[in-house]
């Protein structure tokens, strides 16, 4: 079938003004938006620039705004989006070219929340054990693939790029609520900064944009509750 | 945001800071105000209306000290909740540090001034001239 | 790029957020609107002590049809802001209810309409009575 695409083209390195390009691609309804982008690049306009890698929704490379909502191009079926399919880069991160955005600030925010387990106890013979209940409590936030769909859908982040963003809070949650981690106080201190968790306005765009189905706003609220009332006992009892 | 250079570096712990306070206050005061304000609105605009409102009405209502306490409580909570909300909105959009600080101070000043004005009127009551 | 407040407001109109975004926008606008009214209202009520003759002037103003409609809008703003805010508080207090988050939209709107429609109808009837049938 014929698929009509409207793609936002821009090249800040050159002097060209940004513009909208229209393409018609010949694809199947069960194909993905990524297939359409590849069709354009391979057969119609080789200068179209976008990121992609696994093409199956796990690497997080091809986050972009499709018909006004952030999603992964490889997970969006053509039959599920209305034509003309409007494709533009995620908003809130600097555009490098076409659909490619500068992820450096995003990963900087990731690094700022100490995204690694901190445990200075002597290493056990095998694993550091935890109960199923203790694992369950942060299971949701382990699913994050760092695709940036959430952070670049957040109006608070659009207004102020210094906001640590939903992704960073989810990642902080993953370690905060992990009973094996011992950096709880430091993590809470990072989260309680003015540009930390308190910038969330419960807008819910993040939860709706997440291609992994993480209940982001809920996890952000759990961090805020931990700051207000203390960590839940199931995490504290190691 | 600068990357963390060593696991030992990091901000000093500020557990119970303004963020927590504001978060809890907006929720607590919000729930209370939902009741206070809706009851107030119903009394002033449904059971009575602006066409029966006059100095006598207010004086009659305030002859019962319970209503004065109610109104004073509602005044303080509503101003605090509303002005804190406006501070949150200002923080979202006014990023320049000096302007942000100025707006925050203006909001605080307005809050204090309005509470004093409103509180004085409630305590002083209706003055028939 | 990010960091421009005005641009972010424009972006809110371009991003097709679902109920969460719309709810936040309405809650924020309603809150600011009610606050603006509150600031004037404290002054007008304070005149009973500071300048009693002025009170009648304010009440006269509020009796005009424009302000009558504004009053109805105010009621709507209060009710919406309250219902939207309460939804968030309830989700905070009872995390088990998160599984019903998709239905929260219906609950907020239902409660809003249940409160606002009768209120608006009642106030509108009174408005017409006093301004047109005299």
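Quick note: the coordinates plus some simple rules give every number you see, no bench work behind them. It should be emphasised that the depicted structure is a prediction, and the values quoted were computed from it without experimental measurement. We place every Cβ from the backbone using ideal geometry, glycine too, and count neighbours over all the protein chains shown.
Overview of results
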item	result
Cα-based convex hull, the range B:23-124, per residue volume (Å³, whole number)	117 Å³
Virtual spin-label span in nm between residue B:52 and residue B:32, 7 Å along Cα→Cβ	3.0 nm
For the range A:104-236: relative contact order, % (alpha-carbon pairs under 8 angstrom, 6 or more apart)	31 percent
Estimated Rh, the range A:135-238: Kirkwood, alpha-carbon pairs, angstrom	13.6 Å
Computed helical MRE - 222 nm, chain C, DSSP H runs ≥ 4 contributing -39500 (n - 2.57), nearest 500	-30000 deg cm²/dmol
Residue with peak Gaussian network fluctuation, chain A [Cα springs, cutoff 10 Å], from A:166, A:211, A:155	A:155
Projected area averaged over orientations for the protein assembly as shown, convex hull of C-alpha atoms, nm²	29.8 nm²
Relative contact order %, chain A, counting alpha carbon pairs below 8 Å whose residues are six or more apart	18 percent
Inter-probe distance in nm under a simple model that places probes 7 Å from Cα toward Cβ, at residue A:116 and residue C:109	4.9 nm
In nm, spacing of pseudo-spin labels at residue A:14 and residue C:61 (7 Å Cα→C-beta vector)	5.9 nm
Fraction of alpha-carbon pairs over 20 Å apart in the range A:12-129 - percent	52 percent
Estimated [θ] at 222 nm from DSSP helical runs (n ≥ 4, -39500 (n - 2.57)) normalised by residues in chain A, nearest 500	-7500 deg cm²/dmol
Globularity ratio of chain A, using Cα Rg and 2.2 N^0.38 Å	1.14
Hull-based mean projected area of the range C:21-134, where the convex hull spans the alpha carbons, in square nanometres	8.9 nm²
Taking the range C:19-84 and dividing mean pair separation by its residue count, relative contact order in percent (alpha carbons under 8 Å, at least six apart)	52 percent
FRET E, pair residue C:132, residue A:82, Förster distance 35 Å, beta-carbon r, rounded to 0.05	0.15
Gaussian network model of chain B, springs between alpha carbon atoms under 10 Å - residue of B:116, B:46, B:31 with greatest fluctuation	B:46
Shielding by partners - mean other protein chain Cβ count within 10 Å, residues of A:99-112	2
